[in-house]
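Each reported figure results from applying straightforward, stated rules to the coordinates on display, with no laboratory input. A quick note: this is a predicted structure, and the numbers were derived from the prediction, not measured. Neighbour counts are summed over all protein chains in view; Cβ atoms, including those assigned to glycine, are modelled from backbone coordinates with ideal geometry.
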Amino acid sequence: MSQSLASFAKINLFLHITGKRPDGYHDLFSLMTKITLADEMTLTFKVPGVRVFCNHPLVPQDQTNLAHRAATLFFRSCEKQKKNISVPGVAIDIRKHIPVGGGLGGGSSNAAAVLSTLNARCHDPFSQNELIKMGQHLGADVPFFLYGDT
């Protein structure tokens, strides 16, 4: 069983750095919006483990890939919180259209798409706030893609 979806890019309409935090990140005031440029993703369920395939040679296909990390985090969180789900694993096929390293959030968008799709496929074991907390562990832009359009 498979599901195809679009994973949209984002642009920063406004970005103002307001300070630097002890963790190395910057405090920002920013306005972002999703745009129509998107990667095409196909998630195949009922497969063991987590696997990633991508048509772009610069995108890692191992556990360092953000989509892979998102799926792994989702399944580990289900196990840790004793959530009974019917999906044992996922194969993630990514057809990149968002430029790699272009600041458009392609990897973060892919990760958010994996989290939200797995959650829906597994009958919503996690709330939106729980997904956002997972997203925060993956990267600063992942929660944006879980929230909405702007």
#### Entry: Stretchable slack from D149 to L15, in nm (0.36 nm times residue separation minus alpha-carbon distance)
46.6 nm
### Summary
Plugging the Cβ-Cβ distance of D23 and K83 into 1/(1 + (r/R0)^6) at R0 = 25 Å yields, to the nearest 0.05, a FRET efficiency of 0.25
### Task
Please state, as a whole number in µm²/s, the translational diffusion coefficient that the Stokes-Einstein equation yields for the chain at 20 °C and 1.002 mPa s, with Rh defined as the Kirkwood radius across alpha carbon pairs.
136 µm²/s
### Message
Suppose each label sits 7 Å from its Cα in the direction of the beta carbon; what would the A140-L31 distance come out to in nanometres?
### Response
2.0 nm
### Degrees separating the helix 66-80 axis from the principal Cα axis of the chain, which is the longest one
60 degrees
### Message
Taking just the alpha-carbon atoms of the range 41-104, what radius of gyration and Dmax come out, in angstrom?
### Response
13.0, 38
#### Entry: GNM result for the chain, Cα springs below 10 Å: residue of A113, A70, A140 fluctuating most strongly
A140
### Task
Would you kindly state how much longer the chain becomes between M1 and D124 on full extension, computed as 0.36 nm times their sequence separation minus their alpha carbon distance, in nm to one decimal?
42.5 nm
### Query
What number, in percent, do you get for the relative contact order of the chain if the mean sequence gap of Cα pairs under 8 Å and at least 6 apart is divided by its residue count?
25 percent
### Message
What do you get for trypsin sites (Lys or Arg not before Pro) in the range 28-58 restricted to DSSP loop and a cutoff of at most 14 other Cβ within 10 Å of the site's Cβ?
### Response
K46
### Query
Excluding same-chain residues fewer than 8 positions from K80, which aspartates and glutamates have a Cα within less than 18 Å of its Cα?
D124, E130
#### Entry: Where Rh is the Kirkwood radius over Cα pairs, Rg/Rh for the range 84-145
0.99
### Task
Could you state the angle between the C-alpha long axis of helix 128-138 and the longest principal axis of the C-alpha atoms of the chain, as a value from 0 to 90 degrees rounded to the nearest 10?
70 degrees
### Query
GNM, the chain, Cα, under 10 Å: largest mean-square fluctuation among G101, G135, G24?
G24
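Before anything else, pin down the relative contact order of the range 1-84: Cα pairs under 8 Å, at least 6 apart, normalised by residue count, whole percent.
Values: 97 pairs, mean separation 21.8, N = 84.
It rounds to 26 percent for the range 1-84.
Residues with beta-carbon under 15 Å from that of R95, excluding R95: net charge, scoring Lys, Arg +1 and Asp, Glu -1?
That works out to -2.
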### Query
To the nearest Å, what is the center-to-center distance of the range 66-106 and the range 15-40, using C-alpha atoms only?
21 Å
### Task
Under 19 Å Cα to Cα from K34, which lysines show up? Leave out anything in the same chain fewer than 8 places away.
K10, K96
### Message
Running a GNM on the chain with Cα contacts under 10 Å, which residue among P88, P22, P60 ends up with the highest mean-square fluctuation?
### Response
P22
### Restricting the range 69-142 to trypsin sites (Lys or Arg not before Pro) in coil, as DSSP defines it, with at most 11 other Cβ within 10 Å
K82
